[in-house]
Amino acid sequence: EIGRNLKSISLDPTCKIDQNAHFFGSLNVMPILSYLKEKSTENDVLFGLEDFPLDENALKNNLKDMSKIIECPRYGILLDIGHSNLRTTDNEYFKAKGIEKYLTDIPVPIIELHVHDNKKIGDWHMPPGRGNLDFALVAKTLNKKKFNKISTIEIAPTRYNSKPENEREAAINGLRYWKSLLERNN
């Protein structure tokens, strides 16, 4: 049984995206998503995949495999905005879109965010404001999409040669910064 206090279940499958937004490796979790859909009906638990589908093209290319879950109003995407900063830099398909269109093109509800920063050269998981992601534009765009779900601040100090004890204040300030942007742009 899935408990009453659970709000969201998100899966992060290993995958790759090609230039046409074909998403490989994630569809092997469809049986698990179907199971979660059935077992969480009574509690209205949200469920989804990290960074999939990112646009109509990806959805269309995988619709046959996703047909059993896509119509469920509790299905959505866990959007990692640190990954979006990287994709709009190093992937030609997403680079051409830019961050605002990248976010507005997501064809399913955003059920959760992983919020972290980077300097567009690695998945560093820095506190918001430490890299070069335009968090003000991200918050403004997400508010236009009426995002009001879960935000998870996701930091990993060892990825950028720091230590957790050195990043406590930066993490708290990053959380405050993100929260203030969402409130300001709401």
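The values are calculated or read from the model by the stated rules, or taken from the named source; none is laboratory data. None of the values given here were measured: they were computed from a predicted structure. A quick note on method: Cβ atoms are made from the backbone with ideal geometry, for glycine too, and the neighbour counts reach across all protein chains shown. Keep in mind that these areas ignore ligands, DNA and RNA; they rest on the heavy atoms of the full protein, side chains included. Shrake-Rupley method; radii C 1.70, N 1.55, O 1.52, S 1.80 Å.
How big is the dipole moment of the chain about its Cα centre under a simple scheme where the beta carbon of each Lys and Arg is +1, that of each Asp and Glu is -1, and everything else is neutral? Debye, nearest 20, please. All intermediate terms of the calculation are to be shown ahead of the outcome.
Details: 27 positive and 26 negative charges, 88 e Å.
Dipole magnitude for the chain comes out near 420 debye.
In Å², and per residue, what accessible area does the chain have when probed at 1.4 Å with the other protein chains present? Walk me through the numbers before you get to the answer.
Values: 10090 Å² over 186 residues.
So the chain comes to 54 Å² accessible per residue, rounded to a whole number.
What residue among LEU78, THR104, ASN57 has its Cα farthest toward the positive end of the dipole of the chain, where the charges are +1 on Lys, Arg and -1 on Asp, Glu, each on the Cβ?
The listed residue farthest towards the positive side: THR104.
Whenever you get a sec, line up ILE121, ILE9 from highest to lowest accessible area (probe 1.4 Å, protein heavy atoms).
ILE121, ILE9
Write down the percent of antiparallel bridges among all DSSP beta bridges whose residues are both part of the chain, to the nearest 5. Intermediate values should be presented prior to the final figure.
Numbers: 4 of 19 bridges.
Taking every DSSP beta bridge with both residues in the chain, the antiparallel ones total about 20 percent.
With the Cα gyration tensor of the range 108-181 giving a ≥ b ≥ c as the square roots of its eigenvalues, does the rule (a/c under 1.5 for rounded; else a/b larger than b/c for prolate; else oblate) give rounded, prolate or oblate?
Numbers: a/c = 2.01, a/b = 1.80, b/c = 1.12.
Because a/c hits 1.5 or more and a/b exceeds b/c, the range 108-181 counts as prolate.
Could you compute the FRET efficiency for LYS145 and ASN91, with r as their C-beta to C-beta distance and R0 at 22 Å, rounded to 0.05? Could the numbers behind the result be given before it?
Working: r = 21 Å, r/R0 = 0.97.
Computed FRET efficiency for LYS145 and ASN91: 0.55.
Where Rh is the Kirkwood radius over the Cα pairs of the range 34-140, the temperature 10 °C and the viscosity 1.306 mPa s, what D in µm²/s does Stokes-Einstein return? Can you show the working numbers first?
Values: Rh = 14.8 Å.
For these conditions, the coefficient is 108 µm²/s.
Please sort 101-110, 81-90, 58-67 by packing, taking for each peptide the average over its residues of neighbouring beta carbons within 10 angstrom, highest first.
Values: 101-110: 18.0, 81-90: 19.8, 58-67: 15.5.
So the peptides 101-110, 81-90, 58-67, ranked by packing, come out 81-90, 101-110, 58-67.
How far is helix 164-184 tilted off the main Cα axis of the chain, in degrees rounded to 10, range 0 to 90?
Helix 164-184 sits at roughly 70 degrees to that axis.
Quickly work out the SER34-to-ILE121 label distance, labels modelled 7 Å from Cα along the C-beta direction, and quote it in nm with one decimal.
4.6 nm
Describe numerically, in nm with one decimal, the distance between label points set 7 Å from Cα along Cα→Cβ at ASP134 and at LYS7.
2.8 nm
Please determine, in degrees from 0 to 90 and to the nearest 10, the orientation of helix 135-144 with respect to the longest principal axis defined by the Cα atoms of the chain, where the helix direction is its Cα long axis.
Roughly 30 degrees between the two axes.
Express the carbon and sulfur contribution to the solvent-accessible surface of the chain as a percent, rounded to the nearest whole number, probe 1.4 angstrom. Please report the intermediate quantities before stating the final value.
Details: 4980 of 10090 Å².
Roughly 49 percent of what the probe reaches on the chain is carbon or sulfur.
Would you mind computing Rg(Cα) / (2.2 N^0.38 Å) for the chain, counting N as its residues?
Details: Rg = 16.5 Å, N = 186, 2.2 N^0.38 = 16.0 Å.
It is 1.03.
What number, rounded to the nearest 500 deg cm²/dmol, is the helix-based mean residue ellipticity at 222 nm of the chain, given -39500 (n - 2.57) per DSSP H run of at least four residues and division by all its residues? The partial results should precede the final answer.
Numbers: 7 runs with 77 residues, N = 186.
-12500 deg cm²/dmol, from helical runs alone.
Heavy atoms of the protein only, probe of 1.4 Å, neighbouring chains included. What is the accessible area of LEU6 in Å², nearest 10?
70 Å²
Can you give the FRET efficiency for THR41 and ARG159, using 1/(1 + (r/R0)^6), R0 = 25 Å, r = Cβ-Cβ distance, to the nearest 0.05?
0.10
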